[in-house]
Amino acid sequence: MDFGRILSKLDHCVETKDFEGAKELLRYWLEDAKENKNERGQLSLYNESMGLYRKLGEKEMAVNCAKNALSLIPKTGMEDTITAATTYINSATVYKAFGMAEQGVPLFEKAKVIYERELKEDDGRLGGLYNNTGLALNDVGRYDDALASYEKALATMAKVPNGNLEAAMTYLNMADVYDKMRNDPERTSDHTAEEWENLITELVEKAEGCLEDPNLPHNGYYAFVAEKCAPSFDYYGRFMTKMILTERVNEIIEKEKSHS
């Protein structure tokens, strides 16, 4: 199985929005891997499949792929590997995306053990893990744990080239935690209304500062992050920031189209 070639074809299908073609490609090679008892190949394909179905909002298929991928880890003898950790993260992200964060949190925690042991402190994958773990913890109401996870994400991304892009998302995620806390009857009395507002405002402003870093290249990934952050700025009343980011995203897209 030439997995690199399969991924190349899959990327082309997704880029051209040929999602049926992407599904068919993955289905075909999954059947091939099953017929040839290629369990590692199946694991790789299920990882790609759950990501595709998650993005398409197809819960049943995404969750089914996650369950199949998780069941293959012990069969392949890869329990303590980066591949296993990535599978845990992909599966946990599926569960989180479809309102099943409680099932996702233990998987993020299993991945954390492996990543922290195997990866260097300046590896961007660690920052991504801490960010995604924070999102799930926030969903299940573990606010303090979520904030601690985001702090770890910030510490990691400070060591990564162009880490301010991820940091911008992290600061907005932290603002969301405080926003939930101030509306939670069990936590709202932790601060006065003004203090809650100040905490959130400070984080939103830090996110703005990250995206204004003059050293950041205004490329496709910048556009992806800016587009993802724009609704949060709108939610927190930063309408001008949202407008500026939207204009930048459109400029980047048009520039990339002209060069294609």
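The values are calculated or read from the model by the stated rules, or taken from the named source; none is laboratory data. Model, not experiment: these values are computed from the prediction. So basically every Cβ, Gly included, is an ideal-geometry build from the backbone, and we count neighbours across all protein chains shown.
If the requirement is being assigned by TED's automatic domain parsing to the domain that holds Lys206 and farther than 19 Å from Asp184 by Cβ, which of these qualifies: Lys110, Lys152?
Working: Lys110 fails: assigned by TED's automatic domain parsing to the domain that holds Lys206.
Lys152 is the lone residue from the list that is assigned by TED's automatic domain parsing to the domain that holds Lys206 and farther than 19 Å from Asp184 by Cβ.
Six or more apart or on different chains, Cβ under 9 Å: which pairs go from a residue in region 135-154 that's under 24 Å from Asp122 (Cβ atoms) to one that's in a loop (DSSP other than H, G, I, E, B) and among the small types (Gly, Ala, Ser)? Could you list them?
Listed pairs, sorted by first residue: Leu154/Gly163.
Given the criteria within 25 Å of Tyr115 (Cα to Cα) and part of a helix (DSSP H, G or I), does Arg27 qualify?
no
For the subset of region 170-184 comprising residues that are crowded, with 21+ Cβ neighbours inside 10 Å and not β-branched (Val, Ile, Thr), which member is nearest to Glu195 (Cα to Cα)?
Initially, region 170-184 is screened for residues crowded, with 21+ Cβ neighbours inside 10 Å, giving 170-175, 177-178, 181.
Next cut, not β-branched (Val, Ile, Thr) only: 171-175, 178, 181.
Numbers: Tyr171: 17, Leu172: 17, Asn173: 18, Met174: 15, Ala175: 13, Tyr178: 10, Met181: 12 Å.
Out of the qualifying residues, it is Tyr178.
If you take the residues in region 32-44 that are free of Cβ contacts under 8 Å to residues at least 24 places away in the same chain and outside any loop (DSSP other than H, G, I, E, B), which one is surrounded by the fewest Cβ atoms within 10 Å (Cβ to Cβ)?
Out of the qualifying residues, it is Glu35.
Working only within region 237-255, note down all residues that are part of a loop (DSSP other than H, G, I, E, B) and either touching a Cys at 6+ places or on another chain (Cβ under 6 Å) or surrounded by 15 or more Cβ atoms within 10 Å (Cβ to Cβ) (or both).
The initial filter retains those residues of region 237-255 that are part of a loop (DSSP other than H, G, I, E, B), namely 237-238.
Scanning region 237-255 gives a single hit, Arg238.
Select, from Thr76, Thr83, the only residue that is in the same structural domain as Gly4 (by TED's automatic domain parsing), touching a residue at least 24 places away in the same chain (Cβ under 8 Å), touching a Lys or Arg at 6+ places or on another chain (Cβ under 6 Å) and among the polar types (S, T, N, Q). Walk me through how you get there before you give the answer.
Numbers: Thr83 fails: touching a Lys or Arg at 6+ places or on another chain (Cβ under 6 Å).
Residue meeting the stated conditions: Thr76.
Condition first: more than 30 Å from Arg125 (Cβ to Cβ), among the acidic types (Asp, Glu) and exposed (fewer than 13 other Cβ atoms within 10 Å of the Cβ). Can you find one or more residues in region 193-204 that meet it?
So in region 193-204, the residues more than 30 Å from Arg125 (Cβ to Cβ) come out as 193-198, 201.
After this cut, where a residue has to be among the acidic types (Asp, Glu) as well, the list is 194-195, 197.
Remaining after also requiring exposed (fewer than 13 other Cβ atoms within 10 Å of the Cβ): 194-195.
Yes; the residues of region 193-204 include at least one that is more than 30 Å from Arg125 (Cβ to Cβ), among the acidic types (Asp, Glu) and exposed (fewer than 13 other Cβ atoms within 10 Å of the Cβ).
Please find, among Tyr115, Tyr178, Tyr95, the residue that is of a type in the set (Phe, Trp, Tyr), in contact (Cβ under 8 Å) with a residue 12 or more places away in the chain and within 28 Å of Thr201 (Cα to Cα). Show your work before the answer.
Details: Tyr115 fails: within 28 Å of Thr201 (Cα to Cα); Tyr95 fails: within 28 Å of Thr201 (Cα to Cα).
Going through Tyr115, Tyr178, Tyr95 in turn, the sole match is Tyr178.
Give, as residue ranges, the helices (runs of 4 or more DSSP H) completely inside region 141-229 that count at least 2 residues that are at pLDDT 95 or above and β-branched (Val, Ile, Thr). It would help to see each step written out before you state the result.
Numbers: elements: 143-157, 164-182, 193-211.
Ranges flagged: 164-182, 193-211.
Quick one: what pairs do we get from region 197-210, first residue polar (S, T, N, Q), second surrounded by 18 or more Cβ atoms within 10 Å (Cβ to Cβ), C-beta under 8 Å, 6+ apart or different chains?
As it stands, the answer is Thr201/Tyr236, since those pairs meet every condition given.
Pick from region 49-66 the residues that are over 17 Å from the mean Cα position of the chain (by Cα) and without any contact (Cβ under 8 Å) to a residue 24 or more places away in the chain: which of them is farthest from Lys110 (Cα to Cα)?
For region 49-66, the residue satisfying everything is Glu58.
Against the definition (out of contact with any helix residue (DSSP H, G or I) (no Cβ under 6 Å at 6 or more places or on another chain) and surrounded by 14 or more Cβ atoms within 10 Å (Cβ to Cβ)), how does Asp234 come out, yes or no? Spell out the reasoning first.
Working: out of contact with any helix residue (DSSP H, G or I) (no Cβ under 6 Å at 6 or more places or on another chain): no; surrounded by 14 or more Cβ atoms within 10 Å (Cβ to Cβ): yes.
Judged against the criteria, Asp234 is not a match.
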